[in-house]
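What follows is a short report on a single structure.
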Amino acid sequence: MIIKTGVYHRTRTRGFTLAEAMLAVTVLGFAAAGVLLPFVSGAAVRAEGMRRTLGAALAGDLMEQIVRLPFHDPTGVASDYSPGPESGETGPANFDNVDDFHSYTELQGQVKDAAGAVFTDPKYANYSRSVTCAYATVPPQPAQTDPAKCNFILVTVQVNYSGKNVATLSRLVSE
Ligand SMILES: [Ca+2]
Ligand SMILES: [Ca+2]
């Protein structure tokens with residue numbers, strides 16, 4: 001009986017059964033997936049990082065363009081505190097005060113440089129930008145519902161990539 005058991009063991013160690021081989025292949029498959037996954041997600045993270053970096057630059061560029069304008073419209077009515085362009089103001093080229101940029105939008109593929117020309121480089125093709133301007137107060141000033149009593153404008157620039165927000169920049173402009 002002892003000798004037979006020894007022979008049995010030698011037979012068993014000659015090779016893998018089909019089930020064992022399949023198990024080994026499965027385990028190797030999982031191991032390979034585990035090794036490759038970090039590389040795949042690493043590339044995705046890098047691409048996302050680049051989108052956000054360019055998005056933040058586009059937000060910053062537009063913000064610079066906005067905040068260098070005067071707080072009040074130079075030719076408008078001093079009591080006009082309704083955000084948005086005045087009559088005849090059609091775009092950044094003739095916007096003459098900060099709140100003219102309220103609701104300003106550049107649709108996807110229409111993002112413009114500081115001179116007003118649409119970027120032709122394909123890397124800008126999926127970006128869009130939008131702006132809101134809201135009259136605001138800053139503590140310790142009490143909150144005001146009347147914009148005429150506010151001496152700040154909160155400017156917010158949002159940049160999207162294929163409709164997904166990649167950068168949002170807010171700045172307070174004082175009167
Ligand atoms: Ca204006
Ligand atoms: Ca205005």
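The values are calculated or read from the model by the stated rules, or taken from the named source; none is laboratory data. None of these values were measured; they are calculated from a predicted model. No Cβ is skipped: glycine too gets one built from the backbone with ideal geometry, and neighbour counts run over all protein chains shown.
Per-structure values
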| item | result |
| --- | --- |
| Residue list for the range 46-71, filter: at pLDDT below 95 and in contact with a Ser or Thr (Cβ under 8 Å, 6 or more places away or on another chain) | F71 |
| Residue satisfying all of: in the range 40-95; within 25 Å of N151 (Cα to Cα), among the polar types (S, T, N, Q) and away from ligand 1 (no atom under 12 Å from the Cβ); farthest from the chain's Cα centre (by Cα) among these | S79 |
| Counted residues, the range 119-136 - those being crowded, with 16+ Cβ neighbours inside 10 Å and of a type in the set (A, V, I, L, M, F, W, C) | 4 |
| Condition met for P74 (of a type outside the set (D, E) and modelled with pLDDT under 95) | yes |
| Selected residue [of a type outside the set (K, R), under 20 Å from T53 (Cα atoms) and assigned to a strand (DSSP E or B)] from Q158, Q110 | Q158 |
| Qualifying residue in the range 137-149 (condition: farther than 22 Å from T53 by Cβ, away from ligand 2 (no atom under 13 Å from the Cβ) and not in a loop (DSSP other than H, G, I, E, B)) | yes |
| Flag if Q65 is more than 16 Å from ligand 2 (Cβ to nearest atom) and either closer than 30 Å to R51 by Cα or touching a residue at least 24 places away in the same chain (Cβ under 8 Å) (or both) | no |
